[in-house]
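Step one of this worksheet: look at the structure below.
The values are calculated or read from the model by the stated rules, or taken from the named source; none is laboratory data. A quick note: this is a predicted structure, and the numbers were derived from the prediction, not measured. Here the Cβ positions follow ideal geometry from the backbone for every residue, glycine too, while neighbour counts run over all protein chains shown.
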Amino acid sequence: MMQFTRQVGMGRNVAAALVAVGLAIAAPAALGQAREVKVGLIAPLSGPWARQGELMLKGAQMAIEDINNGGGIKSMQGAKLRLVTADAGDSTEKAKNAAQRFVASEPDMIGATGSWLSSFTLAVTEVTERAEMSILTLSYSDQITARGFKYVFQTSPTAGAQSVGAMPAIVELGRAATGQQLRTIAIVGDNTASPVSFLKPMREGGLEKMGIKLTVDEIFTPPLSDATSMVQKVRSIRPEAVLFVPTNTSDSKLILEKMNEMGLGRGRIPMIGNGAPLGMPELLKSVGKDLMEGMLVIVANWTQKGQEKLIADFKKRTGEPWMTQDSLSSYGDMWIFKEALEKTGVADRKKIADAIRTMDTKSGPANFYPGGRIKFNDDGRRAGAGIMIIQWQNGEPVTVYPTDIALAKPIWPKK
Amino acid sequence: MNAIVITENILQALAAGILVGSVYGLMCVGLGLIYGVMRVINFAQGDFLMLGMYATLYLFGWLSLGQYLGPYLGPVVAALLGAVILYGFGVLLHSTLLSRVTGIRVAGTESEGHYPQLILTLGMSLIIANGGLIVFGSMPQGIRTPLSASAWEIGPLIGQDLSIFLNKARSVAFIVSVIVAILLYLFISRSRTGKTLRAAADNPEAATYMGINVDRAYRVAFALGIALTAIAGGLVATYYPFQPYVGLEFVIIMYAGVVLGGFGSIVGAFWGGLTIGLVQQLSTLILPVQLQNAAIFVVFLLIILIRPEGLFGRNAERV
C-alpha cells in the first residue's frame, strides 16, 4: 500500500514538472516573445563560389552580433536573432535541395538572405515562395523578380537596370577625361544569369542609342580553361574599351593576365566590369595590383561615405582587407529582418513578409544600401535602387560614383 | 577580316591548344596509367590534381623556391616535390583502402570489384574535396610569379602585323609535361618495374604465376598515376587560380582524353589530352567560345562512333 501511495506521489511530481516545463516553453510563444528568432542564409559555402558565400556569412554574422549586443528585438522583449545557414553548393540542383531542407527542417525561420549567384537564387526562390518564406537577395538577374513572386525582395538594381543606369555615367566619365566620345566597345563575359541580364539591354539597342558600336562580342561558359582566343579577337579589333562581365575569380584572372600578356592590359584598353567578383580581395592577391589598377566596376552595393566606422569594424573583426557588397548586403539584410520584427513583434513568416512589403524607411537598414531608402515595389524590387561604380585605385576598390557618396574621385585610364 | 588577322588567329589558337593540351595530356596519362594497369575507374583523380596544386603552392612558399631557384625552375621543383608527397599518399591509400577492392582479392567476383571501386573512389573524391575546404579554405589560391601574365612574342612576322604570344608559365608547363610523359614512357617500356606493371595489366593471374607481386605492381601504378596528375596540377597552379573543388573542372576532361586516346593506352592518353586542348582552342575559330567544351564532346562522340576503341586503343587488349 505504502509503495502504491509513493508511486502516486511520484506521478504527481512528474506531472507537475511536465506542466511547469510545458508552461515555460509555451508561455513566451503565447505572448509573442520568442527568446530566439531564426533567420537564414542560403549561400554557396562549398564549391567554386564558397568564398562569396563566406563573405556573405561574415556580414550576416556581424549583423547578428551587433543586433544581439544592442539588446536584440526590443518589441519582443529583447529576443535574440540566431543565424541558420544552408549550403547552396555548386549547382542549382544543390541550391534547390538546400532550400527544401531549410524549409522543411526550420519551420519557425522567419526568412533568409541568399543565394549569391542569380542562377541559385532563381532555384532557391522556387522553393521558398511555396513555403511563403521571405528571401532578401542581392542577386542581379531581372528574372528573379519578373515571375510574379510575392516573397522575394531584391535589394539590388536588376542587371538590366544596372546596364541602363551605368553606361551613360561611364561614357560621360570617359568623355570628361579624354575629351572624346566612346565609339567602339567589346563585350567579354560569361553566360550565367546575371551577365546575360546585364548585357541584354546593351545588345538590344542600349549601346547603339549612346552612339557606341559593339565590335567584339565574346561570351564563354565558366570555368574558362584559357582566354587566348577571346583576347586575341579583342587584340585584332582594338575596341576603345572592354565591357568585362565574368562571375568568378579564375576566369577574371585568366582574362586580365592574357590582356596584359598581349599588350592590352594596364589601362591600354580601359576595362569596365560588372559584379562583385571583380572587387574581391583574392583577385588582388592572384592578379596583382598593377593589372587591376584603374578598372571600373559597376556594382549594386559597396561601402560609401558615412560607413567609415562600419568598414573599420568589419576589417577588425573579420580580418578582411575591405568590405565587399556581399558582406555589406547580408549585413543590411539582417537589419531589414530586425526592422520587420520590431514592427510585427512576432516571429511569423507571413507577417514578416507583410512588414517587409510595407516597409518604407530612410533610416536603420536603409543606411546599408545605395539610395538610402528601403521600400519595395509590388514586384519585389527595391524602389530607387541605383547603381554604384567602384574603381581599383592603389590596390583597393573604392566607390567613385554616385559622387555624393563616393570615397574617391574617378580616373579614366588612358595610355 | 584580312588574311593576316585570320592567319594570326589560327596560329595563336594552335599555339594555345598545344600549350593547354600538353598539360591535359599529362593529367590523362596519370589517369590512364591507373586504369590501364588496375582497371580501376578513379573518380578521385581530379581531387588528387587539386592536392598536387596545394602541395606545390605550399612547398613553393615554405621552401622559398622562388627566391632560390627563380620563377622558371622554382614552381617546377615544387611540383616535382609535391608529386613525391602524393606518391607516398597514393601508396598509403592503396595499402589501406584500394587493395581491398582490387587485384587478386576480387578476381573472379561479380563485376571484378568494379562496384566497390566506384563507390570507394567517389567517396574518396567527396572526402578529399570537402576535407580540402576545411583545411585550405575557400579562398582561391595561385602561385604568383610574373610568368603567368607575360609572354614570349614570336614576331612581328609579316611587317608589323603578325605576332604569336606564348605565355611563359604555360610554355614551361608544356616543356615539363612533355619531358615527364617521355620519361614515363621510357620507364614503362624499358625498366623492370615497367615490365611488371605491363604484366600485371595484361593478365594479373598469369603474372602472379610468374612470380610477380601484382598487389605491389598495382600500388606502384596507383601512386605513380596520382603523382603524374599531381605534377600536372602543380604546373596548372602556376597560371590558374584554384580552390578545393577545382578537380571537378578537370576530371571530365581527363576522362574524355583517356577514352579518346583509348582506355588503357598510356601514349594514347597523352595524345587524347592534347587532342582535347587543340579541339578546345581551335573550335573558337569557327564556333562561339561558350561552345568550346561542347565541341570537345562532339569530337569525342565522333571518334567513339568511328573508332570505339579510341585513337590508340586495341580491341582485344586483355586477351
Consider A:T178 carefully, then state whether it is more than 30 Å from B:I10 (Cα to Cα) and among the hydroxyl-bearing types (S, T, Y).
yes
Reported set for the range A:353-402 where residues are in a loop (DSSP other than H, G, I, E, B) and in contact (Cβ under 8 Å) with a residue 24 or more places away in the chain is A:Y369, A:P370, A:D379, A:G380, A:A385, A:G386, A:I387, A:N394, A:G395, A:P402
So which of A:K309, A:K350 ends up being outside the structural domain of A:G273 (by TED's automatic domain parsing) and more than 21 Å from A:M133 (Cβ to Cβ)?
A:K309
When the range A:174-200 is checked residue by residue, the ones that are among the charged types (D, E, K, R) and more than 14 Å from every other protein chain (Cβ to nearest Cβ) are A:R175, A:R183, A:K200
If I go through the range A:281-335 residue by residue, how many of them are at pLDDT 95 or above and in contact with a strand residue (DSSP E or B) (Cβ under 7 Å, 6 or more places away or on another chain)?
3
Quick check: anything in the range A:395-404 crowded, with 20+ Cβ neighbours inside 10 Å and within 17 Å of A:Y151 (Cα to Cα)?
no
Restricting attention to the range B:54-70, which residues are surrounded by 21 or more Cβ atoms within 10 Å (Cβ to Cβ) and of a type outside the set (G, A, S)?
B:Y54, B:T56, B:L57, B:L59, B:F60, B:L65
With criteria (1) buried (at least 21 other Cβ atoms within 10 Å of the Cβ); (2) of a type in the set (A, V, I, L, M); (3) within 10 Å of chain A (Cβ to nearest Cβ); (4) assigned to a helix (DSSP H, G or I), B:L133 comes up short on (1)
May I ask you to list the residues in the range B:89-128 that are of a type in the set (A, V, I, L, M) and touching a Leu at 6+ places or on another chain (Cβ under 8 Å)?
B:L97, B:L98, B:V101, B:L120, B:M124, B:I128
Would the range B:295-318 turn up any residue that is in contact (Cβ under 8 Å) with a residue 24 or more places away in the chain, assigned to a helix (DSSP H, G or I), among the basic types (K, R) and closer than 30 Å to B:G108 by Cβ?
no
For A:N69, are the conditions met, namely being under 24 Å from B:D47 (Cβ atoms) and surrounded by fewer than 19 Cβ atoms within 10 Å (Cβ to Cβ)?
no
hydroxyl-bearing (S, T, Y), surrounded by 14 or more Cβ atoms within 10 Å (Cβ to Cβ) and in contact with a strand residue (DSSP E or B) (Cβ under 9 Å, 6 or more places away or on another chain): does that describe B:S99?
no
Determine which member of the set A:A347, A:A312 is among the hydrophobic types (A, V, I, L, M, F, W, C) and either in a helix (DSSP H, G or I) or within 19 Å of the chain's Cα centre (by Cα) (or both).
A:A312
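Residues are listed down the side, and each one gets a yes or a no for (1) within 14 Å of chain A (Cβ to nearest Cβ); (2) over 20 Å from the mean Cα position of the chain (by Cα); (3) within 30 Å of A:V234 (Cβ to Cβ):
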{"position": "B:N9", "(1), (2), (3)": "yes, yes, yes"}
{"position": "B:M27", "(1), (2), (3)": "yes, no, yes"}
{"position": "B:V37", "(1), (2), (3)": "no, no, no"}
{"position": "B:I41", "(1), (2), (3)": "no, no, no"}
{"position": "B:G52", "(1), (2), (3)": "no, no, no"}
{"position": "B:W62", "(1), (2), (3)": "no, yes, no"}
{"position": "B:Y68", "(1), (2), (3)": "no, yes, no"}
Against the condition in a helix (DSSP H, G or I), within 14 Å of chain A (Cβ to nearest Cβ) and of a type in the set (D, E, K, R), how does B:E249 come out, does it pass?
yes
If we keep only residues of the range A:124-165 that are of a type in the set (G, A, S) and crowded, with 24+ Cβ neighbours inside 10 Å, then the residue modelled with the highest pLDDT is A:S134
Tell me which of these A:G265 doesn't satisfy, since it passes every other one: (1) assigned to a loop (DSSP other than H, G, I, E, B); (2) more than 9 Å from chain B (Cβ to nearest Cβ); (3) modelled with pLDDT under 90.
(2)
Since A:K80 meets every condition but one in (1) assigned to a strand (DSSP E or B); (2) at pLDDT below 95; (3) basic (K, R), which condition does it not meet?
(2)
Got at least one residue in the range B:46-66 being within 30 Å of B:D215 (Cβ to Cβ) and at pLDDT below 90?
no
All-but-one check, A:R51 against (1) away from chain B (no Cβ under 14 Å); (2) farther than 20 Å from A:F337 by Cα; (3) crowded, with 21+ Cβ neighbours inside 10 Å, failing number (1)
Go through the range A:219-247 and give me each residue that's surrounded by fewer than 22 Cβ atoms within 10 Å (Cβ to Cβ) and of a type in the set (D, E).
A:E240
Any residue at all in the range A:218-238 that is of a type in the set (V, I, T) and closer than 23 Å to A:T324 by Cβ?
no
Check on A:V164, in a helix (DSSP H, G or I) and under 20 Å from the mean Cα position of the chain (by Cα):
yes
Among A:T128, A:T85, the single one that is in the same structural domain as A:T361 (by TED's automatic domain parsing), in a strand (DSSP E or B), of a type in the set (V, I, T) and on the phi < 0 side of the Ramachandran plot is A:T85
In the range A:354-388, what count of residues is obtained for those that are closer than 26 Å to A:T403 by Cα, of a type outside the set (D, E, K, R) and crowded, with 22+ Cβ neighbours inside 10 Å?
9
For the range A:282-328, name all the residues that are hydroxyl-bearing (S, T, Y), crowded, with 23+ Cβ neighbours inside 10 Å and in contact (Cβ under 8 Å) with a residue 60 or more places away in the chain.
A:T303, A:T324, A:S327
Within the range B:265-316, of all residues that are among the polar types (S, T, N, Q), more than 12 Å from chain A (Cβ to nearest Cβ) and more than 16 Å from B:G30 (Cα to Cα), the one surrounded by the fewest Cβ atoms within 10 Å (Cβ to Cβ) is B:N315
For the range B:176-228, give me each residue that is among the polar types (S, T, N, Q) and either surrounded by fewer than 21 Cβ atoms within 10 Å (Cβ to Cβ) or at pLDDT 95 or above (or both).
B:S177, B:S189, B:S191, B:T193, B:N203, B:T208, B:N213
Tabulated pairs, the range A:82-110, first closer than 25 Å to A:D66 by Cα, second in a loop (DSSP other than H, G, I, E, B), C-beta under 6 angstrom, 6+ apart or interchain:
A:V84/A:E106; A:D87/A:L45; A:D87/A:S46; A:I110/A:A347
Any idea which of (1) over 30 Å from A:A50 (Cβ atoms); (2) of a type in the set (S, T, N, Q); (3) facing another protein chain (nearest Cβ under 8 Å) is the one A:T215 doesn't satisfy?
(3)
